[in-house]
Every structure is written in C-alpha cells, then in structure tokens.
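FYI, it's all coordinate maths here, none of it is from the lab. Note that this is a predicted model, so its numbers are computed, not measured. Cβ placement follows ideal geometry from the backbone for every residue including glycine, while neighbour counts extend to all protein chains displayed.
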Amino acid sequence: MTFRKFAADFTDRAQANATGNAMQDFLEPPPDALTIFEHGPERWRVEAYFDTAQGPRDIASELAGFIPEPLPAFTTEDVPDLNWVAISQAALPPVRAGRFTIHGSHDRDRVARGPNTILIDAGEAFGTAHHATTLGCLLAIDRLVRSHTFGPVLDLGCGSGVLAIAVAKSLPHARIVAADMDAQSVKVAAENVRINGVARQIKVTEASATTHPDIRSRAPFDLLIANILAGPLIQLAPSFSRAVAQRGTLVLSGILIPQAPEVIASYLTQGFTLQRHDRITGWSTLTFARR
C-alpha cells in the first residue's frame, strides 16, 4: 500500500490550523494522517497523507468552500506505507489553553511539569486539544474555574478524558464522571486519568445518556460538559436540563458555527441562558447557565 503526501507552507498560523481542521472535518474521505508543525521562523507546514487507492485528489479545490483566504500551493509526493499513529504523535506539538498545557509522551522531556500539565497521546479516542472543539472547551473550563467552584461534574462524550482531567487538575475537590458510549474511548480515558494522577476524582464509565446509573446517582451536576455533535446535543437538551443543578453551568461544543443558532434555541427553551458564544476556526463553544 502506498500513500500520497500533500504539503503546504503557511505564514499565518491561524490559517494553517484552520486548513488542517477543515481537511479533517470536511474532506471525504479525510486524510489517513495529518500533521501541523512549525517549519522555520514564522512558517507552519500542513502535511496530509491519503491512500493512493482513493484516486487523484485536488486538495485546494476540495477546500475552496471552507477556507475563505487563498491557500498556498500544495506539493505532492508518493511515500511507502508507514506507522501513521507514530507519525501523527511525533508531529503534534504541545497545546496551551489558558492554564493548561496538553502534550504527548514524545514531548515529556521538553515540557515543564506543573499542576496543570496534561499528558494525552493521540490514539484511538478523540481529544488531544489540537481540534478547535476540544480547545474551546479547555478555554471555557479555564475561564469558569477562575470564578466558580464546582462539586459534581459530568463530561459526557469524554473521548480521551482530557476535559475531565483538566477539571480535576484545576479543582481538587470536584467529583467528576467521565462518560462515553464508545468502549475503546472509555478504556483510553481510564488510562489517561490514571497516568495523570487524578483517578481518585474521576469515575470513567461507558454511557451515552444521563439516565445511566453511574450518572443519575451523582446528579444534579454543577458543571456539565458535552463535546459531541449538534444533532445529539439538540436531542439531549431536555435530559441535560434535568441533570444540571439550579444555577449550574453547561458547556457544549462539537457544533459548527452555522448550527449554533438551532442548538442555542433548544437550550433556551429548557431554562438556560447563553453566557458566551466562542468561535474557533469554524466551530462554536457555547456556555450556558441555568436561570
């Protein structure tokens, strides 16, 4: 099996990140592996790998509807089959989101240890903080814990567990449920919770709704975080309303900016007020409070 590498150099870091996000989220089929990294002074490179069996690709044309600014030219070359997980991990730089620094094990010796440093390797569960939705949630958590103290917390659709870990590291007295419907994500999240030293605070469970006994027994929640998709978030609005405590806080992401008005309307009718609408490279993060 051979792969074709598409590479482009950017002078604008935000455009490089937006292009990488668009390639992952909107191209069909998406890249088999994708990396974004600094490539000289004030230059960033995006490299994406596609299976040659998919046929020829015109990446610039495929991205034209999603990136408003003109894109730099993509170079292409065929490469042999490689270890794509290792390539992706090695090229992912640390991410700083407010007080939090999220890094992979390949950067363990280069990142200063601290109470808000989180080790997450790219792998079989979503959530390394390189995606705009995870980054938006981390920034919301950083902002909220500066002025609020949360007791019971639910991270629904936890993926790698990075959001639950961030809450645990910033609020040592919080008691958190991290839940995901995917069994492999639950396994990955449990391991990440362990290696980040917050297993005492976080219960990881396989669940897709707030009716699961592990979740229902700890409700109502002072803080509920759900980084999933717009459709499921709209469907879950009534159950989230029952699960969030009076004067509690709700953080939602996984929402494309054009989808945000419908999600907002669903939660306004359930007794929430919109506190913030943050937008990062095409994605919305919504923060609500119970009336």
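Listed values, structure above:
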read-out	value
Extension gain from residue 147 to residue 216, taking 0.36 nm per residue of separation minus the Cα-Cα distance	22.2 nm
Residue of 221, 150, 74 that the Gaussian network model of the chain assigns the largest fluctuation, springs spanning Cα pairs under 10 Å	74
Cβ-based charge dipole, the range 126-290, positive-most Cα from 268, 190, 174	174
Debye, to nearest 20: dipole size of the range 2-91, +1 on Lys, Arg Cβ, -1 on Asp, Glu Cβ	120
GluC sites (Glu not before Pro) within the range 2-61, DSSP loop, no more than 10 other Cβ atoms inside 10 Å	42
Magnitude of the charge dipole, the chain, Cβ model with Lys/Arg +1 and Asp/Glu -1, debye to 20	1780
Sparse-neighbourhood loop sites, trypsin sites (Lys or Arg not before Pro) in the range 142-210 - DSSP loop, at most 16 other Cβ within 10 angstrom	146, 200
Within the chain, helix-based [θ] at 222 nm, where runs of 4 or more DSSP H residues each add -39,500 (n - 2.57), nearest 500	-9000 deg cm²/dmol
